[in-house]
Amino acid sequence: MNIPNKIQIEGKTIDIVMEDMKDIDYCWGKTYFGTGKIGIAKNMSDEQKQITFIHELVHMIFETMGESELRDNEKIVHGLSELLYQVVKQI
Ligand SMILES: [Zn+2]
């Protein structure tokens, strides 16, 4: 799976940017809801980057749906993104 530089969700452009996140422990990615950006830590394997991309994408999708409780529910976001990743990597 190739991680795109940008995607569109409901007509809104989301930039996907590889970022230096060394200073933030346990943080592989970050979703910037206001500006419509997904940051992915660049010091990771390709698979970790792909998993992180799907994870942050699920956060962004819930945001787009106006589901703020689900957006902030890491258990739901993690579970959904892990299963989605299993499917996406087979495509
Ligand atoms: Zn998360």
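The values are calculated or read from the model by the stated rules, or taken from the named source; none is laboratory data. All values derive from a computational prediction rather than experimental measurement. Ideal geometry is used to build each Cβ from the backbone, glycine not excepted, and the neighbour counts take in all protein chains shown.
Here are some conditions: (1) more than 16 Å from ASN2 (Cβ to Cβ); (2) at pLDDT 95 or above; (3) surrounded by 15 or more Cβ atoms within 10 Å (Cβ to Cβ). PHE53 meets all but one. Which one does it not meet?
(1)
Which fully enclosed helices (runs of 4 or more DSSP H) of the chain have 2 or more residues being away from the ligand (no atom under 12 Å from the Cβ), touching a His at 6+ places or on another chain (Cβ under 9 Å) and among the polar types (S, T, N, Q)?
So the answer is none; nothing clears 2.
Can you find, within the range 10-26, the residue that is nearest to TYR85 (Cα to Cα) among those that are surrounded by 13 or more Cβ atoms within 10 Å (Cβ to Cβ) and either modelled with pLDDT of 95 or more or not aliphatic (A, V, I, L, M) (or both)?
Among those residues, the one meeting the criterion is ILE16.
Quick check on my filter: what residues within the range 37-70 are over 11 Å from the mean Cα position of the chain (by Cα) and touching a residue at least 24 places away in the same chain (Cβ under 8 Å)?
Within the range 37-70, LYS42, GLU63, THR64 meet the criteria.
Return yes or no: is ILE76 more than 20 Å from LYS12 (Cβ to Cβ) and either over 14 Å from the mean Cα position of the chain (by Cα) or modelled with pLDDT under 95 (or both)?
So ILE76 fails the test.
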